Structures are given as structure tokens and as C-alpha cells.
1. With θ set to phi - 60°, apply the Karplus curve 6.51 cos²θ - 1.76 cosθ + 1.60 along the stretch 70-83 and write out the HN-Hα couplings as whole Hz, x wherever there is a Gly or Pro.
2. What's log10 of I(q)/I(0) for the stretch 1-112 at q = 0.15 Å⁻¹, Debye sum over Cα points only, no solvent?
3. Measure off, as a whole percent, the carbon and sulfur share of the 1.4 Å-probe accessible area of the stretch 271-340, all protein chains present.
4. What does the convex hull of the Cα atoms come to per residue for the stretch 235-309, in Å³?
5. Considering only protein heavy atoms and a probe of 1.4 Å, how much of the accessible area of the stretch 58-99 is carbon and sulfur, as a whole percent?
6. If you count only protein heavy atoms with a 1.4 Å probe, what accessible area per residue comes out for the stretch 39-79, rounded to a whole Å²?
7. Using the alpha carbon gyration tensor of the stretch 369-435, what are the three equivalent-ellipsoid semi-axes (square root of 5 times each eigenvalue), largest first, in whole Å?
8. Debye sum, Cα scatterers, the stretch 60-124, no solvent: what log₁₀ I/I(0) at q = 0.26, 0.30 1/Å?
Amino acid sequence: MTTFVDRVELHVAAGNGGHGCASVHREKFKPLGGPDGGNGGRGGDVILVVDQSVTTLLDYHHSPHRKATNGKPGEGGNRSGKDGQDLVLPVPDGTVVLDGKGEVLADLVGHGTQYVAAQGGRGGLGNAALASARRKAPGFALLGEPGDTGDVVLELKTVADVALVGYPSAGKSSLISVLSAAKPKIADYPFTTLVPNLGVVTAGSTVYTIADVPGLIPGASQGRGLGLEFLRHVERCSVLVHVLDTATLESDRDPVSDLDVIEEELKQYGGLEDRPRLVVLNKIDIPDGQDLADMIRGDLEERGYRVFEVSAVARTGLKELSFALAEIVGAARAAKPKEEATRIVIRPKAVDDAGFTVTFDEHEDVYRVRGEKPERWVRQTDFNNDEAVGYLADRLSRLGVEESLMKAGARAGDGVAIGPEENAVVFDWEPTMMAGAEMLGRRGEDHRLEAPRPAAQRRRDRQAEHDEADQAYDEFNPF
């Protein structure tokens, strides 16, 4: 059963915003109490947060679909809907968030670091918020926006100071078990380690972490063995330690050729050329191992490597190795730039930025309007309500969409699409009379209250009949 997962595809969906409410206050002796529809609640976000207690992405491997809650719709009596609850997903330290194309969206390092993977939709305004001096009693409300949906890839890159690399069964697990309190699985067969192991080492006043990366073999950078799956775990390390087996039982292998093979794989993987290297000649407690270490030590030192002869079983040479690693790690930490507090950068839009574009799509034979505001307004419009459509037309006109369409060469009857190709609202454009707004009189006004009411009209008709009868009687009876 899988107990460690370092790469998953996560399907996230933020909550939808709640719809606004169209309501009129009703009370005895107050037939026209005014609009009192509340606003809809905001949809919940999906947030990734670094949690030090989490070490694997296993939970998201079993349950890759995650969705935040929706906002509640508004209600009458100026009652706004409740906001949706944010969905907080804990991830291990060192998690990289990528999109479907492999582009890095966020690199989450440090406890509490967070990234909004999907943003919740806005809640729609109720008719109380839409009321104005010209539109005293709106008969419509805005719809809530749908929340963001999409797929993100989570990759875990172990945050460690030292990485132990080498062939399978070179003794990396044994070495990390004696240098730290880690308890990895140790056995005398290849690929014993199937997941990276982390340990904490204390050398003097320096405390650092060490990672045991699963064994590499030739072709690991192209996907052979377990190398490609776990090579990402050495990217954050400050120093690489080559663990060479001086007591290998395979006749076609020797420590120097093992080193060359691993270095070639690291070169093919890329991005690790600047990391300092140390070489550990392991298993010198075996007589043949000590003899082989004495033979190749000079050759390795001529290449510029610092060489340490150790035995994880006999626990010899470990103190010198741990302090040498502490020295390199300390120097790497001192060379890092000091972390600065996050600076909030405000980038206001240009004064002449209309916020939308109008282009002619020859393939679809329509004028396409793209922009944050027009597309959001379309999503929030209830097209079953003529007054809401008229309000949309009014907003688009004030934004300058109609004027831009004229400049782009649009004529009456031409098709206009607002939004992306796969989900656009298309209509035939009529200048100054868009989407049936002309049926509402002057834009932004609600004429329903001025429309004749049947009961009142019947009373007026009866009164007119009585007046005519009285006038006729007076004509025939002047005295």
C-alpha cells in the first residue's frame, strides 16, 4: 500500500457566489415600502497552506477532487447571504504548484505560506443595493458569479540541507540511521528505500537536515528505476554526498565508475552544477572494502573531492563527516540573502485603460468583446428578466462598449459576443437599443410603478361615466 506520494493532480473548485434577492418591503399601510433584497454571499476559496506536520500528498492521491462551499443567496428584509467557507488544504513544506502545462504557479516553502488555488465567486447584489434616485424599485437582482475551477499539479520537493545519492544498496539508509534518529528500512537487496527519508543531524552548534534519496541507476534522468521520480528531492539541498559502496559484490561495478554514472545522471537532470560535493566511501569495516578505499582515495582527491571513509556498522568516521557537512551547510546559509518582509505592490490601472477590448472574429463573423468587467456583468445578469438585461445594456454603454463597437466598424444587426469563445453571450447589436433595453423607456428607470393599475382604471372609468350622466342631466334640466 502506498504510504508516500510526492506528485498528485488536484481538481479544485471554489464555491459559487450566492444570488442577490429581488424583494419589496411589504407592511400594512405601506404598499410600496421600497426594495429590501439582500446581497448574496461570497463563495469559499480553495487555499493551499504549508503545514509542518504534513509530510506527504497521500490524502490528495486518494481524494483528488476538492470543492469549497457556495455562498448563500440573499433574502428579503435586507438580509445578506452567508459567505461560503474557505477550504484550507494542508500541504508539506516544499510543495510546488504547477498548472496543466507545467508552469510554476507557486513555490510553497515555510510554515504558513499559502496560495489561493481557486477563488470563490462574488455574491450578486440585491435590489436594495441596486436602487438609485432614477431606479427607485429595481425588479431584479444580480446573479452570483461561479467560482474558479481547474486542475493543479502538486509536486513535493524535500526541504533538506544535505542529500545522500548513490546506487541502490550503497548504504545510504544505514548512514542516515546512524547520523540521525531516522529509522529507514534497511535490507540487503536493491531498492530497499522506496521513499525519501529525512533525518536531523546536530554537529556542534549547527543543526541541519539530511535526506536519503532512493537509489539511482543509469538512465534515471530519463525515467529508469526510481530516479526520475525522486531526483526532484535533491533540488533544494545545499550539498550533495556521493555514497559509494566499496564492498559491492557486482563484478562489473567499482566506486569510481558508480560516481561517474551518478554525476552523469545529475548533469542530465540539470540545475545541480553549483552544489558542492562530498564523497563517502562506505563499508570500510569489510577488509576488501578498506583495501579498495585506500586504492581509489587518491584518484578521487585529484578530482577535487573531499573524501571520507566511514562505516555505518562500526560507526567510524561519522564525526568528521557530520562536522564537514555542518561547515558547508553553515556557509551556504550565511551566503543566502536575508529574507525580507513581503512587500505589497500596488499596480493601479492606467487612467485611459477602458478595461476591455473589441476585436472582429472573422471565423465566427462576430465582434468579440473581452474584458473583466463586461464578462463579469454578463455572468451576473438574469437574461430572463428584461429589466436586468436593460441594466446590463446601461452598464455596457457607460463603460464605452457601444462607442468602441462603432469605432471597430460594427453596424446595426452585426453579431456581438461577450466572453471567451467556448462560453460567450452572442446577440445582434442595435445601436442605443441593446438587448431590448428600449422596451424600458429611458435607461436605468423602472416604469412599473407608473404603469396603469386595473382596479384604479376601473374606478376612473366609472367616475367618468357618472360625470357624463350628470352633465347630460344638467343639459336637459337647466332649472
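1. Using θ = phi - 60°, the values come out as 7, x, 7, x, x, 9, x, x, 6, 9, 7, x, 6, 5 Hz.
2. Taken in order of the listed q values, log10 I(q)/I(0) reads -0.73.
3. Numbers: 2210 of 4270 Å².
Within the stretch 271-340, the accessible surface is 52 percent carbon and sulfur.
4. On the way: hull volume 6.9 nm³, N = 75.
Each residue corresponds to 92 Å³ of Cα convex hull volume.
5. Working: 1120 of 2320 Å².
The nonpolar share, carbon plus sulfur, comes to 48 percent.
6. Working: 2130 Å² over 41 residues.
Per residue, the stretch 39-79 has 52 Å² of solvent-accessible surface.
7. Values: eigenvalues 57, 39, 27 Å².
Taking √(5λ) for each Cα gyration eigenvalue gives 17, 14, 12 Å.
8. Once normalised to I(0) and log-transformed, intensities are -1.23, -1.35.
The values are calculated or read from the model by the stated rules, or taken from the named source; none is laboratory data. Everything quoted here is computed from the prediction, not taken from an experiment. All Cβ positions, even for glycine, are placed from backbone atoms using ideal geometry, and neighbour counts span all protein chains on display. These area figures cover heavy atoms from the full protein model, side chains too; ligands, DNA and RNA do not enter into them. Shrake-Rupley method; radii C 1.70, N 1.55, O 1.52, S 1.80 Å.
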